[in-house]
Structures are given as structure tokens and as C-alpha cells.
Amino acid sequence: TDDDIRYDVMANVLALFGEKAAPLVKYEGGSRYAQAANAGDVMVYGSATDGDGEVVSMGVDYTLDDGDTWMSVDFVDGMASIPALSVGDDCYFMVTATDNDDLTGYSDLYNVWKIDFTPAGNVLYVGDDYYTWYYEANYDSVNYVRTMEAAPDNITLDYYDLDELYLMDTYSILAQYDAVIWNAYADWDPAYMPMYTFDNPLSEYVMDGGKLLYSSEEMIGTWFDWPTYQDFAPGHFMYDVLEVNWAANDFGLDSLISDPNGEYTAEMGNFNLNSGDFAFGNMNDLCDPIGFWPGTAEYQPPFQSYEGEIGWGVNPNSARTWNTVFLAFSMMQIPDDLYATFMGTWLGTVAIDETSSTLPTEFALANNYPNPFNPSTTIAFDVPSSNEVLISVYNVLGQKVIDLVNSEYSAGTYNVTWNGLNAAGTPVSSGVYVYRMTSGNFTASSKMLFLK
């Protein structure tokens, strides 16, 4: 990376003058932004390299009072744990590393705080009414109501006010939901939507298989100061997560064609976008997804204008499981009757995944996902009838690390998550581990790789 290159240059220059360089320290992930009220410890992952020696210790320095008092916790196997915060606590932290020359390096400063919000439903609706001057109405409140009305009976929505609560933590909030609806309306404040994949809390959620319906008509312009055209590259949230390759700002298209064969749009037909309550009319964008070329039949977005793309659904060129739908316009512009069809159908896919009535006919142990993983991975398994089930993790020496499952299960498909801790609650070392399922005469195992 650029940071690594700059560090090597600096270390070489210092060496010419007989000086030493402190370690290059990086924050590699973990909890940040707003944590749920029921969240546990703040987990911090990091790495450090030393170009003219070796790293001898790592830790995290953190403060709960804007820097008047600093505290420290040590790293164990690439991870440190800041004691659980209380609602209202505002914690700033940085990863530290000390080398054999007793020089200490520091990462950038990061922020995590705890809010009075606890996940309860299975779908999270994110929005607010901050832009009433733009929409001339509390459109988001209206849109949330019609989303609830369109939801199947087994979908329970939680509302998250982004303007009031700010960005949320991936682990304690986003990961608790089967799907997220992000109604980004105007998006004129980039603080609410980081443009780089690493900094955006939605990135890891989507990459781990979470379903996302994302709507925005001004986000691209906000990031890049409204250029005529904009290309995207790996490392950018638009490219990596929403899978947008190219965009043009503020085309203001007001009529759409629905894909008659689309998963979410088959019954919608062609329609005009509502714009009567918008102070400046439609400001939606023109976008192309990764791998798409106009005129090809291999990729059909759910909505088209007569002039080009303006939004789409699942991407067959994606390496993921087609779990993202991006609309380059405000979903509040979809007429009520068509919105009920569109949103009801999309939420129905979440419900179907969650409540499938098809029971397995034989035992099965699936590959864990993600793999490699950090900090956690999920293992799915099938049980055809009531049985005692044991799923254990072993290291490469055959020593048992932990029992993930050890109880009776009725027929069904289940998931269990391993967070890289042993039976004593201590983080394990990086490396290959074997997980084994035993139930009656059935035995199966597979390998997984834990990275720090």
C-alpha cells in the first residue's frame, strides 16, 4: 500500500543518518462507530511491521474523556479488547506497537461510542428526515410507514435515525439483521456514508452475506463534487459493495422501464417517478454496473430509462451471492402501489430465506463462511430428525479447542458462529483449524483458516 511504501522510504532515509524508525502500525478492523446498548467488549484488530528491527509488543491506547486520561490494553494474537462501554460513553482509541529499539508507533485515531439502541427486529430501516428543505415534507417518515405496510407478516422492522445516531457498528448492530434498507435520499453529508470500503460499516456486512437495499440520488455527487462522469475502482464503496463501475450525475430522468423478468420488478411495468414535492425536481444519476456494456443481454437491471441505466438489482458478474440492490434514485419517488409491490417482493426474499418449510432429508455439514475469516465465521449444518449434535473445533495437532454445539436438535437447518476463541475464552492463534460434526452414525469435518 501507499503507507507501506512511504514507511520503507522513511526507514531507509533514517538509516542513512544512523537513525531508527518506529513500527508502522495499522488498525485492521473491529468495533467502531455507534455500538448497540447490549454490545460487549470493544474488539480491536491491528498489525505492525518494523523495517529496521522487530516488533516486541502491541496494544491499544484509549480514552473516555477526550484525552485527559489514557488507558491501555495489550494485544493477544492480533486482537485487543477494550472493556465494555456504558451507554453514553465516547471512546477514542489507537493501536500501538513498540520495537526492540524501544520506539513506539501509532495508528490513526478511531472512535466508538455506545448508544441507547438495541436490535430487536430482523430488518433494519436506516433513514431520517434531515432534508425536509429539499423534499418539502417529512418523506422518510412517510416512506417508513409504507415500508411497514408492504412487509410480510414475519418481517419486523427496526428504525435507525442516521441523523440522530450517526453511523453504526457492523458487529453489534448491522450483523444482527437479515437485511438492511438504507434510504439515503439526498446524501449531502459524506460523514454519514464513508466513500472507501474499509471505512464503511456496510462493507463487511454485505461481504458476509447480509442483504442490502440501498437508495441514493446525491451520494456520488457529494463524494466527487458533481463531476460530469465518474469511474470507480477497487477500494471504493461504490465499486466493491454496490458494484458500480461508472456514473454520471444528476441526469434527472423521470420515467423508468421495469425489467419484466426481474426478481423484484416483474409486476411493476413502466412508470413515472414522483417529483412533485421535490424542491429541485429529480436529481437521480445514470449508472453502469461492473461488467455491463450497453446493448448486451447478459445483464439486465430492474429499472431502465430510455437513455440508460439508473438502478439495478443483483449482479450476475458478482463474486458474491447477489445480495445487493442499488437504486440510483430516491425510493420515495416510486409510486405507492408500485412501491408496495417492489418492497413486498424484496422483503419476501428475506422472509423466504428465513422461514423455508423444506426440512433436510439427511445430515450435512457446510463449508464455513467466510473462509479465511477474522474475527468470526459461520457454519451451517442440517439435521434430518431429532438427534444429539456435537460440533467441535480442533487445531492441527488434533487438540480440541472448543465445542461449538453439544445438544439435541430437531429437524432443520441451523447456523453456529465461531469467534476465534477457545473454551477458556482466549483468542486462538492464526492458522488452520478443523471443525467436526458428529450425530449418531454421521461424522463430517472440514478445514478453516483463521487470520489475524
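The values are calculated or read from the model by the stated rules, or taken from the named source; none is laboratory data. Quick caveat, the model's predicted, so the values are computed rather than measured. All Cβ positions, glycine included, derive from the backbone under ideal geometry; neighbour counts span all protein chains shown. Surface accessibility is based on the protein's heavy atoms, side chains included, excluding ligands, DNA and RNA. Shrake-Rupley method; radii C 1.70, N 1.55, O 1.52, S 1.80 Å.
Where does each of 91-98, 32-39, 335-342 land if you order them by average Cβ count within 10 Å, highest first?
Values: 91-98: 22.2, 32-39: 19.8, 335-342: 16.6.
Peptide ranking by packing, descending: 91-98, 32-39, 335-342.
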Exercise. Calculate, for residue 444 and residue 400, the FRET efficiency according to 1/(1 + (r/R0)^6) with r their C-beta to C-beta distance and R0 22 Å; round to the nearest 0.05.
Key: 0.85
Exercise. Give a residue-ordered list of calculated ³J(HN,Hα) values for region 82-92 (Karplus: 6.51 cos²θ - 1.76 cosθ + 1.60, θ = phi - 60°; whole Hz; x for Gly, Pro).
Key: 7, x, 3, 7, 9, 4, x, 5, 10, 10, 10
Quiz prompt | Distance from region 14-92 to region 141-215 (C-alpha centre basis), Å | solution = 27
Quiz prompt | Ordering of 217-224, 249-256 by packing [mean C-beta count within 10 Å, highest first] | solution = 217-224, 249-256
Quiz item: Stretched out fully, how many nm does the piece from residue 145 to residue 120 gain, at 0.36 nm a residue minus the Cα gap?
Solution: 7.2 nm
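Looking at this model, which pairs from 26/114; 400/452; 211/400; 114/452; 114/211 are more than 28 angstrom apart at the alpha-carbon?
On the way: 26/114 23 Å; 400/452 20 Å; 211/400 34 Å; 114/452 25 Å; 114/211 25 Å.
Over 28 Å apart, Cα to Cα: 211/400.
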Exercise. State in Å² the accessible area per residue of region 21-157; use a 1.4 Å probe, count heavy atoms of protein chains only, and round to the nearest integer.
Key: 44
Self-check item: Label-point gap, in nm, between residue 367 and residue 271 - each point 7 angstrom along Cα→Cβ
Solution: 3.9
Quiz prompt | Amide proton proximity set for residue 329, modelled H, under 5 Å, gap of 5+ | solution = 216
Quiz prompt | Model label zone, residue 422; criterion: amide N under 16 Å from point 7 Å along Cα-to-beta-carbon; scope region 76-94 | solution = 76-79
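At 0.36 nm per residue, minus the direct Cα-Cα distance, what do residue 229 and residue 156 gain on full extension? Give it in nm, one decimal, please. Each step should come with its number before you reach the end.
Details: separation 73, 0.36 × 73 = 26.28 nm, distance 3.91 nm.
Separation in residues times 0.36 nm, less the Cα-Cα distance, equals 22.4 nm.
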